[in-house]
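The values are calculated or read from the model by the stated rules, or taken from the named source; none is laboratory data. The structure presented is a predicted model; accordingly, all values stated were derived computationally and were not measured. Positions of Cβ are backbone-derived with ideal geometry, glycine not excepted, and every protein chain shown enters the neighbour counts. Areas reflect the complete protein model, heavy atoms only, side chains present, ligands, DNA and RNA absent. Shrake-Rupley method; radii C 1.70, N 1.55, O 1.52, S 1.80 Å.
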Amino acid sequence: MSKIFINPNVKKGKINKEIYGHFSEHLGRCIYEGLYVGENSEIPNVNGMRKDVVDALKEMKLPVRRWPRGCFPDEYHWRDGVGPKKKKKKMINTHWGGVLEDNSFGTHEFMELCDQLGCETYINGNVGSGTVREMSEWVEYMTLDSDTDGPVSPMADLRKANGHDAAFPVNYFGVGNENWGCGGNMTAEYYANEYRRYQTYVRNYYNPKNPDKKNIYKIACGANAGDFEWTETLMKMAAPYMDGLSLHYYTVTHDWSHKGSATSFDLDEFYLTLSKCAYTEELLNKHGNIMDKYDPDKRIGLIFDEWGTWHDVEPGTNPGFLYQQNTMRDALVAGMSLNLFNSHCDRVKMANIAQLVNVLQSVILTEGDKMVLTPTYHVFKMFNVHQEASLVESVINCNKVGTEKNLVNQVYESASVDENGTLNITLTNLSATDSDEVEISLVEALVKDIKAEVLTDKMDAYNTFENPCAVTTKEFNDFKFDGGKIVVKMPACSIAALHVTLK
Ligand code: AHR
């Protein structure tokens, strides 16, 4: 049995919608086939963007998209991706499968897709193999509106010549990616200096047509998982110049040389995966504590901009394409992680799961004109009620479950109150075999009504192109309430969202 105490009147901060963000790279079939099929494709599309995928992502409420990163952008030169399609320079995608990249999806296409999705834009600049000038001109190309009395901008004119008069919205800008690894193998000190230099030229151009435009939110490359030294150095040397500092951590069941199958695993491996994901909490606390030392007012956001499970690729697929299936185990990882990010929303301002479509822990898989929504998709959709809501105080007491070596908390939870006063509570039961009675006591509040939904199945259940709706959310009624007390019977291996109307 688990016990949770929630006080809907004690607000702990805003849960930024960007915590529900996604990451899409020129990798495997994420951009090409997954999101972009081109105007001449037989797959229904709007200006080249897959209609089925865009509609599903809008329904999930995708708030922000990070592109073209991770390792790819440190070899990406933005000019190759703008201008007439036929003339675009081709390149080999050396990071991912050695395939030909024809650059048909570039800046204009990214902006078109974000426009269709109604989401914010997060661009990643090239520090590894690009110049300061290249980065600065890209920002000018995208954001300077030269339809003014000011000086003529060659970059804005080039954008216009390429068919887009108005400036594009750039909300977030990442200065490099994984610069401790694929982004140039730099030391923390070296990168901190480079960051200070490059970010100087990520300019905010005044636009008289849009005088209230927000400044570009600048994100420095942060640590790989438990590299706390990196965070310390970046905060010490560059804190005043950044709005956000990133963090990358992937849930890998075994190790990088043998990660483990996405669909075929035993109970030990199931709990091993979940215990690896549970390390996220330690990372949030330890990196957060270092940031607190230099930034006690929490001005700088911790941007958890690569997270999710990384399994072996599906048998028979290109190892460089990172295509993996997605089971209830992945859905639990998503539920745990999102609850943790919500609970740390005083510091975590954005998080991006890797990656949107057909790569790693995707919310959507495609095959030709077919599309499958993964269990992870359903978690993001269930949890979207937290976007822009106020986190409220909650305290939990629960059992541990798992095997001797890999014990994890049975229940992860978070609770928020939205603008209509609805209290939304999301819960995960990590036991693969046992249901759990969760008793929720509301402090100084009474329940009027509850609507709920649940995602539950066997730990290795997943959706296929033949059976796309095997794992999906259902209405949930296994709860009772009386006054300020709610008792929920969480099925084994489940994730639930309760929408509580208060009296
Ligand atoms: O998401 C796949 C890769 O993982 C990204 O390109 C890189 O940033 C990270 O190492």
Self-check item: Accessible area (Å², per residue) of region 1-137, counting only protein heavy atoms and a probe of 1.4 Å
Solution: 38
Quiz item: Per the helix-only calculation at 222 nm, which mean residue ellipticity applies to the chain, given -39500 (n - 2.57) for every DSSP H run of n ≥ 4 and division by its residues, nearest 500 deg cm²/dmol?
Solution: -7500 deg cm²/dmol
Quiz prompt | Computed lengthening from Lys400 to Thr94, 0.36 nm per intervening residue step minus Cα-Cα distance | solution = 105.8 nm
Quiz item: How many Å³ per residue does the convex hull of the Cα positions in region 211-365 occupy?
Solution: 135
Exercise. Just add up the charged neighbours of Lys214: K/R +1, D/E -1, any other residue whose Cβ is under 11 Å from the Cβ of Lys214.
Key: -2
Self-check item: Accessible area per residue, Å², region 144-224 with all protein chains present, probe 1.4 Å
Solution: 50
Quiz prompt | Positive minus negative residues near Glu269 (Lys, Arg vs Asp, Glu; Cβ under 15 Å) | solution = -2
Quiz item: Over the chain, what is the mean sequence separation of C-alpha contacts under 8 Å (at least six apart), divided by residue count, expressed as relative contact order in percent?
Solution: 20
Quiz item: If you count the DSSP beta bridges with both ends in the chain, what percent of them are antiparallel, to the nearest 5?
Solution: 60
Self-check item: Cross-link pairs Lys448/Lys489; Lys400/Lys480; Lys85/Lys209; Lys259/Lys293; Lys298/Lys503; Lys3/Lys503 - those with Cα-Cα distance over 26 Å
Solution: Lys85/Lys209; Lys259/Lys293; Lys298/Lys503
Self-check item: Cubic angstrom per residue, convex hull over Cα atoms of the chain
Solution: 145
Quiz item: How large, in Å, is region 183-259 by the Kirkwood hydrodynamic radius built from its alpha-carbon pairs?
Solution: 14.5
Quiz item: Within the P(r) computed for region 1-144, what percentage of the Cα pairs occupies the region above 20 Å?
Solution: 54
Exercise. For Lys86, list the lysines whose Cα falls under 23 Å from its own Cα; do not include residues on the same chain fewer than 8 positions away.
Key: Lys160
Quiz prompt | Under 15 Å, Cβ to Cβ, from Ile495 - net charge with Lys/Arg +1 and Asp/Glu -1 | solution = -2
Quiz item: What distance in nm separates the simple spin-label points at Asp369 and His258, each placed 7 Å from Cα in the Cβ direction?
Solution: 4.4
Exercise. Would you mind telling me the share, in percent, of accessible area of the chain contributed by carbon and sulfur at probe 1.4 angstrom?
Key: 49
Quiz item: List the lysines whose alpha-carbon lies under 17 Å from that of Lys405, not counting same-chain residues fewer than 8 positions away?
Solution: Lys276
Quiz item: What Cys residues in the chain are without a partner cysteine, judged by a Cβ distance under 4.7 Å?
Solution: Cys30, Cys114, Cys119, Cys221, Cys277, Cys345, Cys398, Cys469, Cys493
Quiz item: Relative to the Cα centre, what is the charge dipole magnitude of the chain, using +1 at the beta carbon of each Lys and Arg, -1 at the beta carbon of each Asp and Glu, and rounding to the nearest 20 debye?
Solution: 860
Practice problem: Determine the dipole magnitude for region 345-503: charges of +1 sit on the beta-carbon of Lys and Arg, -1 on that of Asp and Glu, nothing else is charged, the reference point is the Cα centre, and the result goes in debye to the nearest 20. | Solution: 100
